[in-house]
Amino acid sequence: MATGRGLMLGEAVKAMAFAASRSMTGRATGNGEQEGQAAVSTYQSLEPIGRNEAIAMLDSDDNLAVSQAILRLALHDPDGGWVTDRALALLENPDPNVRSGAVTALGHIVRIHRAIDTDRVVPALRELVNDPIIGGRVEDALDDITVFGGRS
């Protein structure tokens, strides 16, 4: 039986993977449903991914694959700086699901590594804070930076 930090980190990764597997652009309508894309209501495991596979997914035209790749990297790749670079590049993607996945990935990176390049990440996120689709996720990521990474 795992104890201490290992158990906490494992449970946190499971919780983050569940949250990340839900609709990235859906907004609550007040009646328990989601506006926009349908929410995924079941747990989806976001397993570790090798860099070659991740790069192929990130370079694909499949927006779901791109979003899953950046989230899998954020949760499992040991080099937070390398993943941060990829997530920042995806903030320019025209698809809101990809941008949302990138924003969520940045929040995961700072929570897991307890550090992030705030000089680049914070201004990039602030550019998106008023985005009507992903603004809430951007605010969450900025909060994560304040709590886990030092500032926002």
| note | Requiring at least 1 residues that are basic (K, R) and within 23 Å of E53 (Cα to Cα), the helices (runs of 4 or more DSSP H) wholly within the range 70-152 are 80-90, 96-113
| Identity of the residue in the range 114-144, of a type in the set (V, I, T) and touching a Leu at 6+ places or on another chain (Cβ under 8 Å), that ends up surrounded by the fewest Cβ atoms within 10 Å (Cβ to Cβ) | V129
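A quick yes/no check of all residues on (1) open to solvent by 40 Å² or more (accessible area, probe 1.4 Å); (2) closer than 14 Å to H108 by Cβ; (3) under 11 Å from the mean Cα position of the chain (by Cα); (4) among the hydroxyl-bearing types (S, T, Y):
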site	(1), (2), (3), (4)
N52	yes, no, no, no
S60	yes, no, no, yes
N63	yes, no, no, no
Q68	yes, yes, yes, no
L71	no, yes, yes, no
P78	yes, yes, no, no
| said: Could you go through the range 122-136 and let me know if any residue there is acidic (D, E) and under 11 Å from the mean Cα position of the chain (by Cα). | reply: no
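The values are calculated or read from the model by the stated rules, or taken from the named source; none is laboratory data. Owing to the predicted nature of the structure, the values given are computational and were not obtained by experimental measurement. Reconstructed Cβ throughout: ideal geometry from the backbone, glycine too, with neighbour counts over all protein chains shown. For the accessible areas, the whole protein counts, side chains as well, though only heavy atoms, and no ligand, DNA or RNA atoms are used. Shrake-Rupley method; radii C 1.70, N 1.55, O 1.52, S 1.80 Å.
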